[in-house]
Amino acid sequence: MAVHAIVVAGEPVLRQKAKKIKHFAPAVESLVQDMLESMHAADGLGLAAPQIGVPLRVIIIQMPPETDEEGNETAPGELYVYCNPQIIKAEGEEEIDEACLSVPGYVGAVKRSTQITVKGQDAQGHKVRTKAEGLLARAFQHEIDHLDGILYIDRVDSPEKLHRIVEDEEEAETELI
């Protein structure tokens with residue numbers, strides 16, 4: 001497997017609509033492993049295949065690990081692998097700062113649904129469905145946007161809601177999805 005460089009805003013692959021996975025060959029599982037390694041190397045929470053230059057409808061999300069009261073990791077964060085994901089239900093709305101591995105150095109306030117239901121297929125082609133809320137719902141919406149050529153900065157409704165990150169703030173509460 002391999003760690004790939006994260007494609008940044010300005011590259012055409014990030015503005016294309018990604019192609020649907022039709023054949024679930026071992027190459028899809030290999031792509032997912034490359035995406036996972038690349039996401040971990042970049043300290044991200046989620047990644048879409050176009051972010052490593054592959055225009056296919058594949059996303060991964062790994063939630064932060066569970067920790068005990070002392071901050072020790074007690075369980076790894078749950079991993080979600082979705083091919084051909086679709087949001088089939090969305091409720092609520094909130095505006096929260098988001099960041100993105102493909103738009104380094106910035107955060108922006110984006111309105112997203114607070115609860116969603118997503119369906120798709122796993123890396124082997126089996127049907128999967130997830131009801132998500134909070135950070136997980138936001139991550140699914142963010143990554144699915146990538147598959148449609150949409151960056152979070154396209155959803156920031158005014159320039160005043162987009163901010164440059166200074167080094168210390170980057171470690172703050174904004175997850176890079």
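Bear in mind these aren't lab numbers, they're just calculated from the coordinates by the rules spelled out. Quick caveat, the model's predicted, so the values are computed rather than measured. Heads up, the Cβs are rebuilt from the backbone with ideal geometry, glycines too, and the neighbour counts pull from every protein chain shown.
Which of the residues that make up the stretch 53-86 are within 12 Å of the chain's Cα centre (by Cα) and either over 21 Å from Ser102 (Cα atoms) or of a type in the set (A, V, I, L, M) (or both)? Result: Val58, Ile59, Ile60, Ile61, Met63, Leu79, Val81. Counting the residues of the stretch 28-50 that are surrounded by fewer than 22 Cβ atoms within 10 Å (Cβ to Cβ) and part of a loop (DSSP other than H, G, I, E, B) gives 2. Which one of these does Ile21 not meet: (1) within 15 Å of Ile150 (Cα to Cα); (2) touching a residue at least 40 places away in the same chain (Cβ under 8 Å); (3) touching a Lys or Arg at 6+ places or on another chain (Cβ under 7 Å)? Every listed condition holds for Ile21 apart from (1).
Those residues that are assigned to a strand (DSSP E or B) and either crowded, with 16+ Cβ neighbours inside 10 Å or without any contact (Cβ under 8 Å) to a residue 12 or more places away in the chain (or both), I need them from the stretch 129-147; list them, please. Scanning the stretch 129-147 gives Thr130, Ala132.
Considering only residues that are outside any strand (DSSP E or B), on the phi < 0 side of the Ramachandran plot and in contact with a strand residue (DSSP E or B) (Cβ under 8 Å, 6 or more places away or on another chain), which ones fall in the stretch 100-128? Scanning the stretch 100-128 gives Cys100, Leu101, Ser113, Thr114, Asp122, Ala123. Only one residue in Tyr152, Tyr80, Tyr106 is of a type outside the set (A, V, I, L, M, F, W, C), touching an Asp or Glu at 6+ places or on another chain (Cβ under 8 Å) and surrounded by 12 or more Cβ atoms within 10 Å (Cβ to Cβ). Which one? Step by step, each of Tyr152, Tyr80, Tyr106 is checked, and only Tyr152 is of a type outside the set (A, V, I, L, M, F, W, C), touching an Asp or Glu at 6+ places or on another chain (Cβ under 8 Å) and surrounded by 12 or more Cβ atoms within 10 Å (Cβ to Cβ).
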